[in-house]
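Take a look at the structure set out below.
The values are calculated or read from the model by the stated rules, or taken from the named source; none is laboratory data. Because the structure is predicted, anything quoted here is derived from the model rather than measured. Neighbour counts are summed over all protein chains in view; Cβ atoms, including those assigned to glycine, are modelled from backbone coordinates with ideal geometry.
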Protein chains: 4
Amino acid sequence: MPKGIPLTNEDRELRRSEIAHAAADLIFEKGFTETSVNQIAKAAGIGKSTLYDFFSNKDEIILYLMEKFLIEVTSRAKAIIAGEGSVIERLRRVMQMHLEFLLRNKAFILKLTLETQRLSIENQKIYQVKRYAYQDLLIELIEQGIADGSFRQIDSGMLMKTLLAAMSPVVYTSRPVGTPQEMLDKTLNLILEGAKTSDS
Amino acid sequence: MPKGIPLTNEDRELRRSEIAHAAADLIFEKGFTETSVNQIAKAAGIGKSTLYDFFSNKDEIILYLMEKFLIEVTSRAKAIIAGEGSVIERLRRVMQMHLEFLLRNKAFILKLTLETQRLSIENQKIYQVKRYAYQDLLIELIEQGIADGSFRQIDSGMLMKTLLAAMSPVVYTSRPVGTPQEMLDKTLNLILEGAKTSDS
Amino acid sequence: MPKGIPLTNEDRELRRSEIAHAAADLIFEKGFTETSVNQIAKAAGIGKSTLYDFFSNKDEIILYLMEKFLIEVTSRAKAIIAGEGSVIERLRRVMQMHLEFLLRNKAFILKLTLETQRLSIENQKIYQVKRYAYQDLLIELIEQGIADGSFRQIDSGMLMKTLLAAMSPVVYTSRPVGTPQEMLDKTLNLILEGAKTSDS
Amino acid sequence: MPKGIPLTNEDRELRRSEIAHAAADLIFEKGFTETSVNQIAKAAGIGKSTLYDFFSNKDEIILYLMEKFLIEVTSRAKAIIAGEGSVIERLRRVMQMHLEFLLRNKAFILKLTLETQRLSIENQKIYQVKRYAYQDLLIELIEQGIADGSFRQIDSGMLMKTLLAAMSPVVYTSRPVGTPQEMLDKTLNLILEGAKTSDS
DNA sequence: AATGAATGAGTCTTCATTCAT
DNA sequence: GATGAATGAAGACTCATTCAT
């Protein structure tokens, strides 16, 4: 609104965030391709081309959201992992946090992952690197668990993949068997039980 | 190819299958929305409008593929479930068959499931019913396992969901930890172990 | 159906007529552009390309129908005009015959006239010449009427045009004020009354 | 033309009018179905999609034109009917105004009426209501004329229909018998004469 | 002689992006 | 800094016409 006064970096970041989150709601409901730039601008309460002052194209909005998501999740996971408790407890807490994050962000992140395919190869790589950072945190934790005997000799990468993949039905199912929280508990009981040492 | 002679139902079905599988390749690579009817026709080696002689619209191609997939998978699952072996063995065999099917069909089925969101509500329902039929087969088998003491008192629906969701990283990961077969084995060891009775 | 036996000219004409009349029904309901060659062929109970053995393109079907219509109407008008009765009586009889013809042919002729615009200039000319032949018959009769004192000194061309134009609401109106027959009578009473000599 | 500034309602209306009239020329020459949106846009000197900023689809262009035409003609007719002069004089003046309007609007309105059939049923109804409003004005005037003895006991609806239908050859004939003005005069002399009381 | 499978040109419509104000 | 008017490229789909059988 104020004309001629340059935005501070902080302001700029705030606006980007506002716009992106307005977009997130729409993308969650209809998918990325089905959401038009016009609709995003309207939902954000700005003009169509103002949007282009903050994001140089539509893809960047997705990229921004995925990045924010991963940075946040990764930093929270770090805090949990560095904290107290047994490996299994901490792994549960990480998945718990992950679930809450998905629910709070309207679970649209999983859709985003799908939309990722539409991005240019370069943009996909950028996103991949950040995803790996998060995944590697989990792997590290799992390997701690193997080292300290909480888990048997399993493939840490595969457990990580299975845990993350298992979040999907918790959030997306059309035939829920309980609240998301209950479903997460059941899922973790199942998978983590299978990863335990037989006598633990 | 023959010009004035009506296609037999068999021929027709064959052509539908050919076209659909040409489409499948493209959809697998780029997603449904990003694949144009023109490109599908070109890939199938036919004219755009010939395609419309076999499918009355774009959605029908997806629907056809999903239907074929589910009919086949469901019928094979039935045969396995009705066969010999312990519940856990049969469950493993079903997942094995499922994996092979995914791999043989270029694994694009999982993507299709996601693309489902773009279909009309009615078409989504049609597909949902068939998916449930398959899922219910698995649930039944799992409940047999609970009844005969192979599994502990777990939520059969949640185990089914977790198993199916866990197929995803086996087929899709960009950081594989082995062949798909090895990844499947590791995954099943993990999950089925967690579902066993503690003393089995 | 019989293969290899050439059609006689008569047979050929019969088939043309059958096809054209099947087309007429569809064109009347939906308009020329909105009626597809496929539908016409189906309605005529023949294959799409058989149709092309009898008409070299879609336009020719229209041309054929208009020609038949005008030939028939013109010949009947000739008979009436050459017959007994006062000029006004004969004019009434011609319009009566014209109405019946329109009604019998489902009035689609008026629509045809509209479709005429879509024809090539040459085809339009061909049709125009035949229309003029019919119109000229009416003009002749009207001029007889002026000569024998039935009509006052009016413009015969304009009366002919007005009479023909006035058939339109009789057949097409969405707010009829009686049966077509009654509407024709009222219309003719109006126009022919206005054309009479003041003391006749 | 100005780029980032919202159009005033006035400007918007002006542009709609410009576009619609560019369309009118083409539709008059070739018919509605045969005129493509592309051609209309080109004729209006704008891009194809700019057109869609002013009309949400092709049908709306026709609807707009018909509405404008009927609103204008109806309001002028009202003024004439409320004015001075005998009923017959006023009826003449209305038809005169109608003719001028048709000529000024390139006479394409009559064609539009025929194109009406292609519109959706709902849109046809909308147009019908407005046409009836105009027709009813004429009927009222004619009934005044019957009441005050200017006309004999004729069907007012039929006279209205005949008058309007008789405009068609005045504007459309390929064999004119004078200027449109002269043809109108002849036509009205004919029809109104026929409607008069025998001794007036 | 009769058919319908095959096709490419063309239809309306949408949308990410630019740019003058 | 902010806007929305303008656009061209592209998409799904239709149809008159041809041609091998």
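Restricting to the stretch B:17-46, name every residue that is touching a residue at least 24 places away in the same chain (Cβ under 8 Å) and under 28 Å from C:Y52 (Cβ atoms).
The answer is B:I19, B:A44, B:I46.
So is B:G47 under 21 Å from B:D11 (Cβ atoms) and of a type in the set (G, A, S) or not? Spell out how you get there, then give the answer.
On the way: under 21 Å from B:D11 (Cβ atoms): yes; of a type in the set (G, A, S): yes.
Yes: the conditions hold for B:G47.
If I ask for residues that are over 21 Å from the mean Cα position of the chain (by Cα) and either of a type in the set (D, E) or more than 9 Å from chain C (Cβ to nearest Cβ) (or both), which ones from the stretch D:177-197 would you list?
Listed by number, the residues that qualify are D:E193, D:T197.
What single numbered condition from (1) in contact (Cβ under 8 Å) with a residue 12 or more places away in the chain; (2) more than 21 Å from D:E193 (Cα to Cα) fails to hold for C:L164?
Single failed check for C:L164: (2).
Hey, B:I88 hits all of (1) under 23 Å from B:A133 (Cβ atoms); (2) more than 16 Å from DNA strand E (Cβ to nearest atom); (3) more than 14 Å from every other protein chain (Cβ to nearest Cβ) but one; which does it fall short on?
B:I88 satisfies every listed condition except (3).
Condition first: under 25 Å from B:K125 (Cα atoms), among the small types (G, A, S) and within 12 Å of DNA strand E (Cβ to nearest atom). Now tell me which residues in the stretch B:24-62 satisfy that.
The one that is under 25 Å from B:K125 (Cα atoms), among the small types (G, A, S) and within 12 Å of DNA strand E (Cβ to nearest atom): B:S36.
Could you check, for the stretch D:47-58, whether at least one of its residues is surrounded by fewer than 16 Cβ atoms within 10 Å (Cβ to Cβ), under 30 Å from D:R152 (Cα atoms), out of contact with any strand residue (DSSP E or B) (no Cβ under 8 Å at 6 or more places or on another chain) and without any contact (Cβ under 8 Å) to a residue 60 or more places away in the chain? Don't jump to the end; show me each part of the working.
Of the residues in the stretch D:47-58, the ones surrounded by fewer than 16 Cβ atoms within 10 Å (Cβ to Cβ) are D:47-50, D:52-53, D:56-57.
If we keep only those that are under 30 Å from D:R152 (Cα atoms) too, we end up with none.
Checked against the condition, which is being surrounded by fewer than 16 Cβ atoms within 10 Å (Cβ to Cβ), under 30 Å from D:R152 (Cα atoms), out of contact with any strand residue (DSSP E or B) (no Cβ under 8 Å at 6 or more places or on another chain) and without any contact (Cβ under 8 Å) to a residue 60 or more places away in the chain, the stretch D:47-58 yields no hits at all.
Any idea which residue in the stretch B:93-107 is farthest from DNA strand F (Cβ to nearest atom), counting only those that are within 13 Å of B:M167 (Cβ to Cβ) and not aliphatic (A, V, I, L, M)?
Per the stated criteria, the residue is B:Q96.
If you check C:A133 against the conditions, is it more than 19 Å from the chain's Cα centre (by Cα), under 23 Å from C:K78 (Cβ atoms) and modelled with pLDDT under 95?
Criteria not met by C:A133.
Could you grab me the full set of residues in the stretch A:28-74 that are within 14 Å of chain B (Cβ to nearest Cβ), of a type in the set (S, T, N, Q) and within 13 Å of DNA strand F (Cβ to nearest atom)? I'd like the intermediate steps shown before the answer.
If we filter the stretch A:28-74 for residues that are within 14 Å of chain B (Cβ to nearest Cβ), which is where we start, we get A:28-36, A:58-59, A:62.
Next, from what is left, pick out any that are of a type in the set (S, T, N, Q): A:33, A:35-36.
A:T33, A:S36 - these are the residues of the stretch A:28-74 that are within 14 Å of chain B (Cβ to nearest Cβ), of a type in the set (S, T, N, Q) and within 13 Å of DNA strand F (Cβ to nearest atom).
Within the stretch D:138-176, work out how many residues are within 7 Å of chain C (Cβ to nearest Cβ) and crowded, with 17+ Cβ neighbours inside 10 Å.
11
For the stretch C:167-200, name all the residues that are in contact (Cβ under 8 Å) with a residue 40 or more places away in the chain and part of a helix (DSSP H, G or I).
C:M167, C:S168, C:V170, C:V171, C:Y172, C:P180, C:Q181, C:L184, C:L188, C:L192, C:A195
What tally of residues in the stretch D:3-27 results from selecting those that are of a type outside the set (K, R) and within 14 Å of another protein chain (Cβ to nearest Cβ)?
Of the residues in the stretch D:3-27, 5 are of a type outside the set (K, R) and within 14 Å of another protein chain (Cβ to nearest Cβ).
Hey, among the residues in the stretch A:75-86 that are over 18 Å from A:S17 (Cβ atoms) and not β-branched (V, I, T), which one's farthest from DNA strand F (Cβ to nearest atom)?
Filtering the stretch A:75-86 down to residues over 18 Å from A:S17 (Cβ atoms) leaves A:77-86.
Then drop every residue that is not not β-branched (V, I, T), which leaves A:77-79, A:82-86.
On the way: A:A77: 35, A:K78: 35, A:A79: 35, A:A82: 40, A:G83: 41, A:E84: 46, A:G85: 47, A:S86: 51 Å.
By that ranking, first place goes to A:S86.
Assigned by TED's automatic domain parsing to the domain that holds D:S156 and either within 16 Å of DNA strand E (Cβ to nearest atom) or surrounded by 15 or more Cβ atoms within 10 Å (Cβ to Cβ) (or both): which single residue out of D:L70, D:L103 fits that description?
D:L70
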